[in-house]
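Written below as structure tokens is the structure these notes are about.
Just so it is clear, none of the values below were taken in a lab; they were calculated from the coordinates. All values derive from a computational prediction rather than experimental measurement. Here the Cβ positions follow ideal geometry from the backbone for every residue, glycine too, while neighbour counts run over all protein chains shown.
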Amino acid sequence: MDAAVAGLLAALVGVGGTLGSAWLTQRRSNADRREEREHLERTRRAELAAQHTQDGLAARQSTYTAFNAAARNYLACLNEHAHALQRDPAEPDETLDAMETARIEFRQRYAEAQMVVPDTVLAEVRRANTALGGIYGILVRLTRGAAADGDTLSTARDRIKASWRVLSDMRATMRADLRVTGPSHE
């Protein structure tokens, strides 16, 4: 092989190596950037999912707090109205108004809860709604003098007492959903 061909071959190999090296470097750089973008995207999605979970937890906590307070207030007003009916069946207007106001607030919180709470909590919320609505019905019928079979103050008082347990069970289910039950996480 003559020197000119060998020189040309050496030059071609050198140029090919230089171009190949640049191409491989560029390709590796592109792959690194793609991997970095994918990593950033996975991180962003994970952060969004964590934020979504945290936002949902905060929304449920707010809903649970408001619903629990409204339910307890409603039950307390039902109890006060039962006491008023026992003291003077002819004059329960003040406690009737308080009971109606508490009922309206409870119904609003119940409607909100139906849209936010998971099914396990919703079952307890429905139990509370049924229990409180049943007591309300008895007391309203007694107030209006239109009692149905079994509508007595004694029945209402028994249901009020049982409803405190229903509300406690509901609160325990809510706390479990919020993961605030059990030992302190400190």
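Tabulated data for the structure shown
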read-out	value
Size of electric dipole in the chain: Cβ of Lys, Arg +1 and of Asp, Glu -1, about Cα centre, debye, nearest 20	380 debye
Angle between the chain longest axis and helix 93-116 axis [Cα atoms, degrees, rounded to 10]	20 degrees
Gaussian network model of the chain, Cα within-10 Å springs - most flexible of Arg175, Arg159, Arg34	Arg34
Cβ-derived FRET efficiency at R0 45 Å, Asp88 paired with Ala111, nearest 0.05	0.85
Max mean-square fluctuation residue, GNM over the chain, Cα-Cα springs under 10 Å, options Leu19, Leu153, Leu122	Leu19
Residues whose placed amide H lies under 5 Å from that of Asp151, excluding near-sequence neighbours	none
Top positive-direction residue, dipole computed over the chain with Cβ charges, set Ala172, Val5, Ala113	Val5
Helix axis angle, 153-177 relative to the chain longest principal axis, alpha carbon, degrees	10 degrees
Residue of Gly16, Gly134, Gly145 that the Gaussian network model of the chain assigns the largest fluctuation, springs spanning Cα pairs under 10 Å	Gly16
Acute angle (nearest 10 degrees) that the helix 3-87 long axis makes with the longest principal axis of the chain, alpha-carbon atoms	0 degrees
Sites Lys161 and Ala69, calculated FRET efficiency, Cβ-Cβ separation with R0 30 Å, nearest 0.05	0.90
Read-out log10 I(q)/I(0) by the Debye sum over Cα atoms at q = 0.09 Å⁻¹, derived from the coordinates shown; its label in [x] -0.53; [y] -0.31; [z] -0.37	[x]
Distance between modelled label sites at Glu35 and Asp151, nm, 7 Å Cα→Cβ extension	7.6 nm
